1. Among what's in segment 171-199 and is assigned to a loop (DSSP other than H, G, I, E, B), surrounded by fewer than 21 Cβ atoms within 10 Å (Cβ to Cβ) and under 17 Å from the mean Cα position of the chain (by Cα), pick the residue that is modelled with the lowest pLDDT.
2. Within segment 141-170, track down each residue that is surrounded by 15 or more Cβ atoms within 10 Å (Cβ to Cβ) and assigned to a loop (DSSP other than H, G, I, E, B).
3. Among 24, 71, which is modelled with pLDDT of 95 or more and in contact with a helix residue (DSSP H, G or I) (Cβ under 9 Å, 6 or more places away or on another chain)?
4. In the set 2, 62, 35, which member is touching a strand residue (DSSP E or B) at 6+ places or on another chain (Cβ under 6 Å), at pLDDT below 95 and in a loop (DSSP other than H, G, I, E, B)?
5. Consider residue 103 carefully, then state whether it is within 18 Å of residue 28 (Cα to Cα) and over 13 Å from the mean Cα position of the chain (by Cα).
6. Does segment 126-134 contain at least one residue that is over 26 Å from residue 257 (Cα atoms), touching a strand residue (DSSP E or B) at 6+ places or on another chain (Cβ under 7 Å) and modelled with pLDDT of 95 or more?
7. Write out, first by first residue and then by second, each pair whose Cβ atoms fall under 6 Å of each other, whose residues are 6+ apart or on separate chains, and whose first residue, in segment 21-43, is farther than 13 Å from residue 75 by Cβ while the second is in a helix (DSSP H, G or I) and modelled with pLDDT under 90.
8. Output the residues belonging to segment 111-131 that are surrounded by 22 or more Cβ atoms within 10 Å (Cβ to Cβ) and either free of Cβ contacts under 8 Å to residues at least 60 places away in the same chain or closer than 18 Å to residue 100 by Cα (or both).
């Protein structure tokens with residue numbers, strides 16, 4: 001089956017009318033805040049990713065509707081793994097021993113895809129997200145996933161390791177991750193203290209259109225050089241160029257979800 005995009009589908013009112021008529025329930029896509037450190041930059045960076053994708057969604061809704069929401073591990077406290085059974089052997093949330101595991105299982109089961117937003121700590125991802133993942137198996141298995149990492153050099157090592165783990169639990173992982181690099185020591189210092197980074201959604205109409213068009217999307221991925229904002233200046237808003245890449249990778253995730 002072709003994954004070609006029919007432009008006629010990308011009309012907000014038409015999509016809403018069709019989905020309402022067919023009573024299609026929207027797919028739920030969770031943006032997971034992988035850091036539980038205090039203070040942390042993870043919450044505002046994850047919110048930036050979420051808001052960027054919501055702006056993209058306004059311009060180009062999927063033929064099948066989806067809902068984006070934030071999943072903060074701080075809202076789902078889990079002790080270090082304490083279940084007596086191996087998760088891959090458990091088929092139903094009712095089979096878990098502990099209430100916190102059953103609650104986490106039912107919550108994750110309600111989502112159809114995930115975006116993991118992770119920092120890089122000592123060349124790896126946080127133990128908190130590994131613990132949260134390891135509690136479950138079937139609740140993750142078969143679902144699309146993508147990784148957005150951040151750090152002084154973009155967090156590439158953490159992203160690659162996390163992708164391996166997600167593949168190990170049989171998730172449909174978007175091949176390329178998005179690395180958000182802090183541009184200077186001052187920004188890195190703010191992030192370490194949990195200070196406001198001044199993140200804003202910077203997608204322009206041309207940016208969004210370029211993601212949908214396959215050739216433009218490939219050109220976006222091949223660009224090199226300094227980050228450019230929507231005004232074209234070399235010192236534009238923080239992560240303006242990466243915002244387009246987030247949407248490009250997200251569109252791959254949506255394609256996996258709809259296939």
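The values are calculated or read from the model by the stated rules, or taken from the named source; none is laboratory data. On a predicted model such as this, the values are computed, not experimentally measured, just so you know. Cβ placement follows ideal geometry from the backbone for every residue including glycine, while neighbour counts extend to all protein chains displayed.
1. 199
2. Correct list: 143, 152, 154, 155, 169.
3. 71
4. 35
5. Answer is yes for this residue.
6. Yes: one or more hits.
7. The qualifying pairs are 39/193; 41/191.
8. Hits for segment 111-131 are 120, 129.
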